[in-house]
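> There's a structure below that I have some questions on.
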Amino acid sequence: MKKNVEYVNRDGQALLLDASIPEGPGPFPAVILVHGGGFTAGNKTTYITPIFAPLTDAKFVWFTIDYRLAPASQLPAPVDDIISALAWVHSHAPEYKVDRKHIALLGESAGAYLVDYAAIVAPKELAPVAVVSFYGPHDLTFEHSGETVNTGVAGLTGVRKMDSDGIEKLRKVSPYYMLRKGLPPFLLVHGDKDQLVPYEQSTRFCDALKAAGGKCELITVTNGIHGMGVWEQHMDQWAYKGKVVKWLLSKLH
């Protein structure tokens, strides 16, 4: 394990990643992990940690990254950071035993939204070949009731009111409305009792991906609420790990 490696510097702020590299000659398929935290909190060793061991056991190279947080940084800053991480992994592939042709993005919660967005806008030469998106707010207009926007989304986008102007601005930065042809396959993972990001966010997004000509599969965690860390407390909710690894192996080999 290599820790606290700088992958990009933004105006004097070093953004860091940790890297797990399998034993053996490689090259190996790779996954870049993007944590959640409501766009305003979290780091490379929070929230997303339950997926570390399954990826290690399956002999993936994986990288978990820090990125710029709201409200100090707004869009497209964190998306740019993910694309910079993709570029860094490509440029350091030999050193980290990475197969450049088999790199995926995986994000959870706010990080799921960010990997969706990054996969859609990434330059062709850096585009991931697969995306795993855990319980993400794919449509930023979907889960707001009333006139106010939640603190994290407001900090990320600058939109604070759900008036016609605010709704239009949120639509323009919602992956649900940004879909195009030629995207990589997506795997969505969501608990059907999620109290923070409605389960329908993923069912709607998967349907939209298919309607746009893309490929999407959905893993439903029965009785799962928000967060893979919470799922760790319930053995009957662990099956997603093997399913995610199996899906990634099918796409990255």
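> Hey, does region 187-202 have a residue that's among the basic types (Lys, Arg), farther than 23 Å from THR46 by Cα, in contact (Cβ under 8 Å) with a residue 12 or more places away in the chain and in a loop (DSSP other than H, G, I, E, B)?
Going through region 187-202, the residues among the basic types (Lys, Arg) turn out to be 193.
Adding the requirement that they be farther than 23 Å from THR46 by Cα leaves none.
Among the residues of region 187-202, not one is among the basic types (Lys, Arg), farther than 23 Å from THR46 by Cα, in contact (Cβ under 8 Å) with a residue 12 or more places away in the chain and in a loop (DSSP other than H, G, I, E, B), which makes the answer no.
> Ok, one more. Here are the criteria: (1) under 18 Å from MET228 (Cα atoms); (2) surrounded by fewer than 16 Cβ atoms within 10 Å (Cβ to Cβ); (3) of a type in the set (S, T, N, Q). Tell me which single one ASN4 does not satisfy.
In the conditions (1) under 18 Å from MET228 (Cα atoms); (2) surrounded by fewer than 16 Cβ atoms within 10 Å (Cβ to Cβ); (3) of a type in the set (S, T, N, Q), ASN4 misses (1) alone.
> Step by step: first the residues of region 159-209, then only those that are among the small types (Gly, Ala, Ser) and surrounded by 14 or more Cβ atoms within 10 Å (Cβ to Cβ), then the one that is nearest to TYR117 (Cα to Cα). Which residue is that?
Here the residue is SER174.
> Of all the residues that make up region 7-28, how many are exposed (fewer than 11 other Cβ atoms within 10 Å of the Cβ) and touching a helix residue (DSSP H, G or I) at 6+ places or on another chain (Cβ under 9 Å)? Steps first, answer last, please.
The initial filter retains those residues of region 7-28 that are exposed (fewer than 11 other Cβ atoms within 10 Å of the Cβ), namely 9, 11-12, 23-25.
After this cut, where a residue has to be touching a helix residue (DSSP H, G or I) at 6+ places or on another chain (Cβ under 9 Å) as well, the list is none.
Number satisfying all stated conditions: 0.
> In the list LYS161, LYS169, LYS193, which residue meets the criterion of being at negative phi and at pLDDT below 95? It would help to see each step written out before you state the result.
Working: LYS169 fails: at pLDDT below 95; LYS193 fails: at pLDDT below 95.
None of the other options fit; the residue is LYS161.
> Only one residue in LEU156, LEU170 is closer than 30 Å to VAL98 by Cβ and assigned to a helix (DSSP H, G or I), so which one is that? Break it down into steps so the answer makes sense when it comes.
Details: LEU170 fails: closer than 30 Å to VAL98 by Cβ.
Answer to the check: LEU156.
> Can you name the condition, by its number, that VAL153 falls short on among (1) within 22 Å of LEU17 (Cα to Cα); (2) among the β-branched types (Val, Ile, Thr); (3) crowded, with 24+ Cβ neighbours inside 10 Å?
The failed condition is (1).
> Shifting gears a bit: State which residue is nearest to VAL129 (Cα to Cα) when the search covers only region 27-51 and only residues that are within 14 Å of the chain's Cα centre (by Cα) and free of Cβ contacts under 8 Å to residues at least 40 places away in the same chain.
In this case the residue turns out to be LYS44.
The values are calculated or read from the model by the stated rules, or taken from the named source; none is laboratory data. These numbers come from a predicted model, not from an experiment. Because the Cβ atoms are built from the backbone with ideal geometry, glycine has one as well, and the counts that use them run over all protein chains shown.
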